[in-house]
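Asker: Have a look at this one before I ask anything.
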Amino acid sequence: MKIKGIRWWMVGLVTAGLVVNYLARNTLSVAAPTLMSELSISTEQYAHIVVAWQLCYAIMQPVAGYIIDAIGTKMGFAIFAIAWSAACAAAAFATGWQSLAIFRGMLGLTEAAGLPAGVKATTEWFPAKERSVAIGWFNIGSSFGALLAPPLVVWAILQSGWELAFLIVGGLGIVWSGLWLLLYKHPRDQKRLGDAERDYILSGQEARLKDAPARKGSWKRLFKNRNFYAIASARILSEPAWQTFNAWIPLYLMTERHMNIKEVAMFAWLPFLAADIGCVLGGYLSPLFHKYCKVSLFTSRKMVMLFGCSCMIGPACIGLVESPYTAIALLCIGGFAHQTLSGALYSITSDSFGKNEVATATGMGGMFGFFGAAAFTMVFGVLVTKIGYSPLFVVLAIFDIVAAIVVWNVAREVPQHDEPVPLPAGEQGPRTVPAT
């Protein structure tokens, strides 16, 4: 039986994987206040643990992207997901900051495949016009996983202890891996994909994705691509903001805003809900800008980045407010702003590289981004005890603004293929605004 709009079901499956991926990485930040107390971990040592994850993630991202390009999205994503689930569960057996740093480093090495695999899957399954919408939907997995972490982890701590949280999340990853292996297929192998939808997908893809002969991804070709330098620079500048949100919000609310653990569970997820909205809205803004501003799809992606970075003024003002609830509202604006920008950057990456290079390009860009995040985290861990959080939020906003300006001025459009054929009549699922 053919399933109408099956490409959107594939996006849902990718999104679920990204939810589990980000749930695993955010378990630590929510458990941190309890865990730091029980294992006698200082704020600076906690920063070292976070950096261990970030550096391993950074180093592995281009390797993971290359592996996924080489062996395929299905097997590549599954292998890495099983590995990160085991690494997450292993953290339950940590006895100090050094052992926890080792386990988190293992998690970073294995989680690095999540975003390259997601970008590659949407590149395989969607025409260029819909790709920003699809990436917006799958990118909500990153913030939705962070959104689920506070209530789930606090519940586990209250029921048994922080160790239970890591074991539960590791188990969820194993379950998702089985579903992925069972359900995901490339469009050419998906028997439930109708002919009309297959034609719609393929006719709307760029020639380099559809018609070009298969070739292995090449890091050398990436370094010859002007757009790669724009993307890598933007990742270096923008990644610190999102990693700060993921690693430090619970501690910020407890130390600066004097919330207890139950209040953290009630409020720490809200910035990530706003980030989900930014992911989806950013995906739909691109085709709207394309239609009403009469610009190319590529330029519309850059316009979305400018919109996102302009909203980062919100968290920059967090030091000016006294109410913890106003501070949370500003953090929500920051989550919304950054994920709007981030989704557009992934769309630009997808638009800029061929089918056997897009995961490698995403991974290589991520490597530079997480090196930037790791450097900022080291500085953050030292300075936060001396000058507080507020000046650092200002710096993060400036970084995002500069990232958008760099992409606007450096990235250039790659020639696209013909417009996609009309959608099959009566198809269900999210729809993009048609271009003129």
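The values are calculated or read from the model by the stated rules, or taken from the named source; none is laboratory data. Everything quoted here is computed from the prediction, not taken from an experiment. All Cβ positions, even for glycine, are placed from backbone atoms using ideal geometry, and neighbour counts span all protein chains on display.
Asker: Please give the number of the condition residue 14 fails out of (1) buried (at least 24 other Cβ atoms within 10 Å of the Cβ); (2) farther than 30 Å from residue 191 by Cα.
Answerer: Condition (2) is where residue 14 drops out.
Asker: Name the residue, out of 360, 299, 340, 326, that is among the β-branched types (Val, Ile, Thr), in a helix (DSSP H, G or I) and touching a Ser or Thr at 6+ places or on another chain (Cβ under 9 Å).
Answerer: Selected residue: 360, the only one of 360, 299, 340, 326 that is among the β-branched types (Val, Ile, Thr), in a helix (DSSP H, G or I) and touching a Ser or Thr at 6+ places or on another chain (Cβ under 9 Å).
Asker: Six or more apart or on different chains, Cβ atoms under 7 Å: show the pairs whose first residue is in the stretch 245-260 and within 14 Å of residue 318 (Cβ to Cβ) and whose second is of a type in the set (A, V, I, L, M).
Answerer: Sorted first by the residue in the stretch 245-260, then by its partner, the pairs are 249/268; 249/331; 253/259; 253/264; 253/268; 257/327.
Asker: Moving on. With modelled with pLDDT of 85 or more, assigned to a helix (DSSP H, G or I) and within 30 Å of residue 322 (Cα to Cα) as the only criterion, which of 402, 406, 382 stands out?
Answerer: Result: 402 is the single residue among 402, 406, 382 that is modelled with pLDDT of 85 or more, assigned to a helix (DSSP H, G or I) and within 30 Å of residue 322 (Cα to Cα).
Asker: Looking only at helices (runs of 4 or more DSSP H) that lie completely in the stretch 79-194, which have at least 3 residues being within 23 Å of residue 276 (Cα to Cα)?
Answerer: In the stretch 79-194, 114-125, 128-159, 162-183 are the helices (runs of 4 or more DSSP H) which contain 3 or more residues that are within 23 Å of residue 276 (Cα to Cα).
Asker: Six or more apart or on different chains, Cβ atoms under 6 Å: show the pairs whose first residue is in the stretch 338-352 and within 18 Å of residue 228 (Cβ to Cβ) and whose second is modelled with pLDDT under 90 and surrounded by fewer than 24 Cβ atoms within 10 Å (Cβ to Cβ).
Answerer: 352/414
Asker: Of (1) hydrophobic (A, V, I, L, M, F, W, C); (2) farther than 30 Å from residue 253 by Cβ; (3) crowded, with 17+ Cβ neighbours inside 10 Å; (4) modelled with pLDDT under 90, residue 180 satisfies all except one. Which?
Answerer: Result: residue 180 passes all but (4).
Asker: May I ask you to verify whether residue 128 is touching a residue at least 12 places away in the same chain (Cβ under 8 Å), among the small types (Gly, Ala, Ser), surrounded by fewer than 24 Cβ atoms within 10 Å (Cβ to Cβ) and under 27 Å from residue 341 (Cα atoms)?
Answerer: So residue 128 passes the test.
Asker: Determine the pairs where a residue that is buried (at least 16 other Cβ atoms within 10 Å of the Cβ), located within the stretch 404-417, has a partner that is modelled with pLDDT under 75 with Cβ atoms under 7 Å apart, the partner being 6 or more residues away or on another chain.
Answerer: 416/206; 417/205; 417/206; 417/207; 417/210
Per-residue answers, yes or no, for (1) at pLDDT 90 or above; (2) among the small types (Gly, Ala, Ser); (3) surrounded by 22 or more Cβ atoms within 10 Å (Cβ to Cβ); (4) touching a His at 6+ places or on another chain (Cβ under 7 Å):
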| position | (1), (2), (3), (4) |
| --- | --- |
| 39 | yes, no, no, no |
| 43 | no, no, no, no |
| 54 | no, no, yes, no |
| 86 | yes, yes, no, no |
| 91 | yes, yes, yes, no |
| 102 | yes, no, no, no |
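Asker: Assuming residue 319 fulfils every condition listed in (1) in contact (Cβ under 8 Å) with a residue 60 or more places away in the chain; (2) under 22 Å from the mean Cα position of the chain (by Cα) apart from one, which condition is it?
Answerer: (2)
Residues checked against (1) within 18 Å of residue 396 (Cα to Cα); (2) in contact with a Phe, Trp or Tyr (Cβ under 6 Å, 6 or more places away or on another chain):
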{"site": "255", "(1), (2)": "no, no"}
{"site": "265", "(1), (2)": "no, no"}
{"site": "268", "(1), (2)": "no, no"}
{"site": "278", "(1), (2)": "yes, yes"}
{"site": "290", "(1), (2)": "no, no"}
{"site": "305", "(1), (2)": "yes, no"}
{"site": "311", "(1), (2)": "yes, no"}
{"site": "323", "(1), (2)": "no, no"}
{"site": "328", "(1), (2)": "yes, yes"}
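Asker: Quick check on my filter: what residues within the stretch 127-147 are more than 15 Å from the chain's Cα centre (by Cα) and among the aliphatic types (A, V, I, L, M)?
Answerer: 128
Asker: Within the stretch 348-362, does at least one residue satisfy the condition of being closer than 25 Å to residue 303 by Cβ, acidic (Asp, Glu) and surrounded by fewer than 21 Cβ atoms within 10 Å (Cβ to Cβ)?
Answerer: For the stretch 348-362, residues closer than 25 Å to residue 303 by Cβ, acidic (Asp, Glu) and surrounded by fewer than 21 Cβ atoms within 10 Å (Cβ to Cβ): absent.
Asker: A further question on this structure: Kindly evaluate residue 8 against the criterion of being among the aromatic types (Phe, Trp, Tyr), farther than 26 Å from residue 385 by Cα and in contact with an Asp or Glu (Cβ under 7 Å, 6 or more places away or on another chain).
Answerer: It is false that residue 8 is among the aromatic types (Phe, Trp, Tyr), farther than 26 Å from residue 385 by Cα and in contact with an Asp or Glu (Cβ under 7 Å, 6 or more places away or on another chain).
Asker: From (1) in contact with a Ser or Thr (Cβ under 7 Å, 6 or more places away or on another chain); (2) crowded, with 22+ Cβ neighbours inside 10 Å, pick out the condition that doesn't hold for residue 146.
Answerer: So the condition that residue 146 fails would be (1).
Asker: Give me the pairs: first residue in the stretch 182-193 and more than 17 Å from residue 117 (Cβ to Cβ), second residue of a type outside the set (Asp, Glu) and part of a loop (DSSP other than H, G, I, E, B), beta-carbon distance under 6 Å, and six or more apart or on different chains, which are they?
Answerer: 192/2; 192/3; 193/187
Asker: Can you tell me how many residues within the stretch 274-304 are over 14 Å from the mean Cα position of the chain (by Cα), hydrophobic (A, V, I, L, M, F, W, C) and surrounded by fewer than 18 Cβ atoms within 10 Å (Cβ to Cβ)?
Answerer: Counting residues in the stretch 274-304 that are over 14 Å from the mean Cα position of the chain (by Cα), hydrophobic (A, V, I, L, M, F, W, C) and surrounded by fewer than 18 Cβ atoms within 10 Å (Cβ to Cβ) gives 3.
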